[in-house]
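S.K.: First the structure, which I've put down as C-alpha cells, then a few questions once you've had a look.
No value in this document is a laboratory result; all are computed from the given coordinates. Fair warning: this is a prediction, and the values are worked out from it, not measured in the lab. Positions of Cβ are generated from backbone atoms using ideal geometry, with glycine treated the same way; all protein chains shown enter the neighbour counts.
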Amino acid sequence: MKPEIESSNTKNNRIAKVIARSGLCSRREAERLIISGNVKVNNKILLECGVNVTSTDQIKVNNQPLPTKIATKLWLYNKQRGYLVTNNDPEGRPTIFDRLKEKSDTRFISVGRLDMDSEGLLLLTNDGDLARKLELPSTGWLRKYRVRVHGYVIKKDLELLKNGITIDGIRYGKIDAKLDKQQGSNAWLTLGIREGKNREVRRVMNYLGYNVNRLIRVSFGPFQIKNLASGEIEEVKNKILNDQLGFSKIINKNRK
C-alpha cells in the first residue's frame, strides 16, 4: 500500500497537520503544543486541535513564525544499540538525534521507534505528516527483523504466531516467524510484522519462553538496510520516493 501525500495547496487543513508538514515536529508533538497553549493563529492562542487553517492564516509556535516548508525528504538510518529514539531524555541517556546533529543541521523526525537495545533500520524524514502516515498500521508495510534468542526454539511455538496472539490483554496481529539456525543455546530467527506495537517482538518471544538478546530491523516496507554501516545515514533518492510512496511532483518543490 502506498501512502498518499496530499498537496499543500489544499484550502483547509487541520492546524496540527500544517505544523507537522512544516518539518517543525511530528503531528503528535504539534497536538501537544496546541493543547499546552504554545500555538497562536492570527495572534490568538489556540487550544483545540480540530481547527482548520488556510495559507492566509498567520501561525506561530512558541512565539516564532512557522518555518517555510522545504522539499520532503526521507533517509535510511542504521541505528546503533544503546541509543534512544527521542529528542529529550530526562535521564540524559544518549539519543540518535545527538549523533545526527554531528552529521547534519536538518531536524529529523523518526518514523516510529526502535527501543534502546534494538538496532538496525530506522526511517527518518523532515516531514512530520509523512512520518505519521508511514507509521500507521493501515499503511500495511511489512517490517522484518533478525532476532537472536536464548533457548532451544521449537518450530511449533512459532506456528502459534501465524494467526496472531493475545498477551496480557493486548492483541498482536499475524507474525511471520522462521527459525534460521540454532547455535548452541542461542537461535537466530527472522520475524515479519505489520503493526509494530511497543516492544512487540520482545514481548512475544518472552511469552513463548525465549529471551531476546539481539534484535536488528533489516527492512521497513520497500526499504532495506542492505550494506548501510552502523550509525550511518543515507538519503533516499527522489525517484525512489516517487516510485515507492506515490508522491506527486509537488514534493520536489518548496511548499509555501
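S.K.: Run through the DSSP bridge list for the chain and note the antiparallel percent, rounded to the nearest 5.
M.R.: Bridges in the chain are about 95 percent antiparallel.
S.K.: Given only helices, namely DSSP H runs of n ≥ 4 each adding -39500 (n - 2.57), what is the per-residue ellipticity at 222 nm of the chain, to the nearest 500 deg cm²/dmol?
M.R.: Computed ellipticity for the chain at 222 nm equals -5000 deg cm²/dmol.
S.K.: Could you calculate the contour length gain from Thr54 to Lys101, that is, 0.36 nm times the residue separation minus the distance between their Cα atoms, to one decimal place in nm?
M.R.: Separation in residues times 0.36 nm, less the Cα-Cα distance, equals 13.6 nm.
S.K.: Under a Cβ-only charge scheme (Lys and Arg +1, Asp and Glu -1), can you give me the dipole magnitude of the chain about the Cα centre, in debye to the nearest 20?
M.R.: I would put it at about 460 debye.
S.K.: Okay, moving on. Only Cα pairs under 8 Å and at least 6 apart count here; give the relative contact order of region 142-220 as a rounded whole percent.
M.R.: 46
S.K.: At 1.306 mPa s and 10 °C, plugging the Kirkwood radius over alpha-carbon pairs of region 106-150 into Stokes-Einstein gives what diffusion coefficient in µm²/s?
M.R.: The diffusion coefficient I find is 132 µm²/s.
S.K.: Could you work out the per residue convex hull volume over the alpha carbons of region 98-231, in cubic angstrom?
M.R.: Measuring per residue, one finds 122 Å³ for the Cα hull of region 98-231.
S.K.: Normalised by the number of residues in the chain, what is the relative contact order in percent for Cα pairs under 8 Å and 6+ residues apart?
M.R.: Normalised by residue count, the contact order of the chain is 23 percent.
S.K.: Using a simple charge model, +1 on the beta-carbon of Lys and Arg, -1 on the beta-carbon of Asp and Glu, nothing else, what dipole does region 142-220 show about its Cα centre, in debye to the nearest 20?
M.R.: So the dipole magnitude of region 142-220 works out to roughly 240 debye.
S.K.: Using Cα pairs closer than 8 Å and at least 6 residues apart in sequence, work out the relative contact order for region 5-89, in percent.
M.R.: Rounded, it is 27 percent for region 5-89.
S.K.: Then there's this: Please give, to one decimal in nm, the separation of the simple spin-label points placed at Leu160 and Ile240, each 7 Å out from Cα toward the Cβ.
M.R.: Using points 7 Å along Cα→Cβ, the separation is 3.8 nm.
S.K.: Lys/Arg Cβ at +1, Asp/Glu Cβ at -1, dipole of region 147-256 taken about the Cα centre: which of Gly231, Thr190, Val204 is farthest positive-ward?
M.R.: Ranked along the dipole, the leading option is Gly231.
S.K.: Next question. Using the alpha carbons of region 53-127, what is the convex hull volume per residue in cubic angstrom, as a whole number?
M.R.: 127
S.K.: For the chain, set up a GNM with springs between Cα atoms under 10 Å and report which of Gly82, Gly23, Gly184 has the largest fluctuation.
M.R.: For the chain, modelled as a Gaussian network with Cα springs under 10 Å, the answer is Gly184.
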